[in-house]
Each structure stands twice: as C-alpha cells, then as structure tokens.
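Single-structure report; data block below.
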C-alpha cells in the first residue's frame with residue numbers, strides 16, 4: 001500500500017496498451033490518447049469558470065454568515081462524519097455547500113465545493129499525500145450520490161416512453177440511502193484497518 | 001413532465017447568497033473577486049493531475065480491457081441475480097459517466113425503461129456515481145498518493161446498490177406514482 005496512485009496510474013496505461021495490442025484496437029487506443037487529453041482540457045476550462053464563479057459566491061456566503069448558519073444545522077452529522085474538523089472551520093463550510101449541491105443534483109456546483117473542501121481539509125492534514133479519515137469519508141459520501149430528483153435519468157426514461165418516468169424515484173431513494181449507510185459504515189470500520197502511511 | 005426544479009435551483013441559491021451578503025453589508029463584488037481568484041488558482045494547480053488521470057481512463061475505455069473484464073465477471077453476476085444485459089453497465093458506471101449513459105440509453109431502447117432490466121439499470125444509474133472519476137478528481141486535485149480505504153469503501157457502497165436494486169425490483173416491486 002505504498003503510494004498507490006503511482007502504481008494504479010502506470011497499471012492503467014500498461015494494461016490498456018497490452019489489451020489494445022491483443023485485441024487489435026491500437027488505432028482506437030491511439031485516438032483515445034489524443035481525445036483524452038483534449039477532454040481533460042475542456043473539463044479544466046469549464047472547471048475554471050465554475051470554480052471561480054462558485055469560489056467567489058462561496059466567499060460571499062462565508063462573509064455573510066450563510067455557511068456558518070448551514071454548518072450549525074448540519075453540526076451533529078458533521079461531527080460524526082468529519083471528527084477532525086471543527087464545525088465552524090472553512091473545511092466544514094465547503095463540505096456543507098458540497099452536500100447541499102449534490103443533494104439538489106447540481107453536479108457542476110458540487111465539484112468546485114468538493115475540491116475546495118478537500119483543499120481546506122488537507123491544510124491541517126499531517127501527511128499531505130495521504131488521506132485522513134475525514135477526507136476518505138468525504139470522497140465515499142460523494143461517490144454514493146444521494147440525490148433528491150435525478151432529473152437526467154427521468155428525462156431519459158421519458159424519452160423512451162416510460163409509463164412512469166418518476167416512478168423509479170422511491171426505489172432510488174431506498175437504494176441510495178442503503179448504499180450510503182453501507183459506504184459510511186465500511187469507511188468507519190476500514191479506517192481502523194488501513195493505518196499505514198506513504 | 002417538466003424538470004423545472006433543476007432550472008430554479010441554481011438561481012435561487014445565488015439569490016440567497018447575494019441577499020445574505022447584502023444583509024451583513026459585505027462588499028459583495030470585492031469579496032466575489034477574491035474568492036473567484038482563489039478558485040482559478042486551485043483549478044490550475046489540479047490541471048496536471050487531471051490531464052494525467054483522464055488520459056489513463058480514456059485509454060482504458062478504448063483498449064477493450066473492460067470487455068475482457070466483463071466476460072470474467074459475468075458468471076459471478078449471474079450468481080447474485082444480476083441480468084447479464086446489465087453487467088457492462090454495472091462495470092462501466094463507476095468509470096465513465098458519458099459511457100454509462102450511452103449503455104443505459106441502449107438498454108432502454110432494447111428492453112424499455114419499465115421492464116425488469118430497465119428498472120434495475122435505472123436504479124444502478126441513479127444511485128451510484130462515476131466512483132473512480134470522482135475519486136480521481138478529488139484525490140488527484142490535492143496530490144493524494146495514498147487513498148487508504150477510500151476506494152474499497154466506495155466500491156462496497158456501489159456493490160450494495162446493485163444488490164439492493166435487484167432485491168427491490170425482483171421481490172418488492174416498489175414502483176409508486
């Protein structure tokens with residue numbers, strides 16, 4: 001478990017080249033290298049806009065005391081999930097905004113808040129290249145995707161003539177909550193097992 | 001059907017933020033500029049790791065490695081009751097957002113969104129995220145090299161989604177409205 005990302009990244013590239021060579025997809029692979037870099041840059045350009053817009057709005061929300069107000073509402077949850085950080089800290093403020101944006105299905109706003117939260121959390125992290133328990137918990141919650149109304153999914157269902165495009169939502173909520181609970185519990189248990197650092 | 005909630009949400013959030021600043025007499029635009037500058041700087045800082053990671057993911061998708069992986073996983077998927085048609089979606093979902101949307105669209109076209117396959121696919125799509133991508137952006141953005149138990153926990157949650165989706169659709173048939 002030493003500096004995993006170095007190995008994962010190299011492994012992804014090597015296995016791709018190997019698979020493409022054995023399945024005769026070298027041309028597609030070649031193209032994907034170019035298009036991947038292009039895709040990354042267009043993501044970064046759209047992120048530049050969103051990150052500075054939401055960074056600016058976030059600063060206003062902080063100065064106006066709005067994020068403080070939200071952090072107080074979320075305080076019990078925050079204390080349980082992110083015990084390393086004070087409820088009034090900038091990290092907790094960004095976490096609150098990220099959770100709200102995710103819940104409302106605003107992926108474009110959630111990502112900048114999430115990156116801000118990770119940066120704030122890493123400021124007081126002892127080992128900068130290894131996640132602490134709170135940071136791991138934060139990523140797990142973000143990957144679990146608890147969302148009030150999954151607009152896009154319902155639109156796609158309607159496009160294909162579903163009898164009830166929104167009918168799937170109760171089942172979705174049950175599933176999301178179950179997955180979130182399992183994810184959080186797993187993280188809480190595993191954080192005691194994975195103590196090794198880079 | 002209208003999807004107005006999404007259209008209203010962002011303007012309303014901006015409205016509330018501006019009002020909260022006005023009430024406290026914050027120099028709104030000055031503060032905005034300061035925060036926006038920090039946002040720009042942090043995006044540029046994470047650019048190199050994003051480029052590296054996204055190219056690797058894009059190579060993995062193009063190489064056919066996922067198809068090979070799917071054929072390995074299929075027997076296991078049958079054991080937990082996951083219809084074989086959904087296996088590619090379940091595997092691609094944590095890796096690629098646009099790729100999994102394309103697969104879902106195809107499943108809806110072939111089986112219909114209200115079929116058993118369509119319902120399980122809907123739940124898997126809606127209740128999980130592009131786990132690897134999200135983790136790569138968040139961890140990569142601040143230069144994390146050791147993510148400890150993060151990926152294992154996130155994938156356990158994704159696996160739970162698949163199991164619960166199968167149980168709900170096959171046995172409980174929760175389908176309200």
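Return the residue satisfying two criteria in turn: it lies in segment A:145-185 and is touching a residue at least 40 places away in the same chain (Cβ under 8 Å) and closer than 12 Å to residue B:160 by Cβ, and of such residues it is nearest to the other protein chains (Cβ to nearest Cβ).
Per the criteria, the residue is A:183.
Condition test on residue B:152, is it facing chain A (nearest Cβ under 7 Å), touching a helix residue (DSSP H, G or I) at 6+ places or on another chain (Cβ under 7 Å), buried (at least 23 other Cβ atoms within 10 Å of the Cβ) and outside any loop (DSSP other than H, G, I, E, B)?
Criteria not met by residue B:152.
Just one of the numbered conditions (1) over 19 Å from residue B:164 (Cα atoms); (2) crowded, with 20+ Cβ neighbours inside 10 Å; (3) without any contact (Cβ under 8 Å) to a residue 60 or more places away in the chain; (4) at the interface with chain A (Cβ under 9 Å from one of its Cβ atoms) is not true of residue B:126; which one?
Residue B:126 satisfies all of (1) over 19 Å from residue B:164 (Cα atoms); (2) crowded, with 20+ Cβ neighbours inside 10 Å; (3) without any contact (Cβ under 8 Å) to a residue 60 or more places away in the chain; (4) at the interface with chain A (Cβ under 9 Å from one of its Cβ atoms) except (1).
Could you grab me the full set of residues in segment A:130-144 that are in contact with a helix residue (DSSP H, G or I) (Cβ under 9 Å, 6 or more places away or on another chain) and within 7 Å of another protein chain (Cβ to nearest Cβ)?
Those that are in contact with a helix residue (DSSP H, G or I) (Cβ under 9 Å, 6 or more places away or on another chain) and within 7 Å of another protein chain (Cβ to nearest Cβ): A:131, A:136, A:139, A:140, A:142, A:143, A:144.
Of all the helices (runs of 4 or more DSSP H) wholly in segment B:25-124, which have at least 3 residues that are out of contact with any helix residue (DSSP H, G or I) (no Cβ under 8 Å at 6 or more places or on another chain) and more than 30 Å from residue A:162 (Cα to Cα)?
Answer list for segment B:25-124: B:28-62, B:65-79.
Tell me which helices (runs of 4 or more DSSP H) are completely within segment A:52-147 and hold 2 or more residues being out of contact with any strand residue (DSSP E or B) (no Cβ under 9 Å at 6 or more places or on another chain) and at pLDDT below 90, or say none if there are none.
Per the criteria, A:66-81, A:90-103, A:107-123.
Restricting attention to segment B:95-106, does a residue exist that is out of contact with any strand residue (DSSP E or B) (no Cβ under 9 Å at 6 or more places or on another chain) and within 7 Å of chain A (Cβ to nearest Cβ)?
yes
Spot the failing condition for residue A:27; the list is (1) facing chain B (nearest Cβ under 7 Å); (2) loosely packed, with under 13 Cβ neighbours inside 10 Å; (3) modelled with pLDDT of 90 or more, and only one is missed.
Residue A:27 satisfies every listed condition except (1).
Go through (1) surrounded by 19 or more Cβ atoms within 10 Å (Cβ to Cβ); (2) under 30 Å from residue B:118 (Cβ atoms); (3) facing chain B (nearest Cβ under 8 Å) for residue A:112 and report which single condition fails.
(2)
Residues that are under 19 Å from the mean Cα position of the chain (by Cα), crowded, with 21+ Cβ neighbours inside 10 Å, within 26 Å of residue A:185 (Cβ to Cβ) and within 7 Å of another protein chain (Cβ to nearest Cβ): does segment B:114-123 have at least one?
Yes: one or more hits.
Among (1) assigned by TED's automatic domain parsing to the domain that holds residue B:159; (2) buried (at least 23 other Cβ atoms within 10 Å of the Cβ), which single condition is residue B:53 missing?
(1)
Conditions tested, residue by residue: (1) more than 8 Å from every other protein chain (Cβ to nearest Cβ); (2) closer than 19 Å to residue A:40 by Cα; (3) surrounded by fewer than 21 Cβ atoms within 10 Å (Cβ to Cβ).
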site: B:132; (1), (2), (3): yes, yes, no
site: B:143; (1), (2), (3): no, yes, yes
site: B:148; (1), (2), (3): no, no, no
site: B:170; (1), (2), (3): yes, no, yes
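Please go through segment B:17-50 and give me each residue that is exposed (fewer than 14 other Cβ atoms within 10 Å of the Cβ) and over 19 Å from residue A:47 (Cβ atoms), ordered by number.
Result: B:19, B:22, B:23, B:24, B:25, B:27, B:29, B:30.
Every residue, every condition in (1) more than 7 Å from every other protein chain (Cβ to nearest Cβ); (2) over 26 Å from residue A:146 (Cα atoms); (3) surrounded by fewer than 23 Cβ atoms within 10 Å (Cβ to Cβ), yes or no:
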residue	(1), (2), (3)
A:16	no, yes, no
A:22	yes, yes, yes
A:37	no, yes, yes
A:54	no, no, no
A:58	no, no, no
A:73	yes, no, yes
A:92	yes, no, no
A:99	yes, no, no
A:118	no, no, no
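The values are calculated or read from the model by the stated rules, or taken from the named source; none is laboratory data. The shown structure was predicted, so the numbers you read here are calculated from the model rather than taken from an experiment. Reconstructed Cβ throughout: ideal geometry from the backbone, glycine too, with neighbour counts over all protein chains shown.
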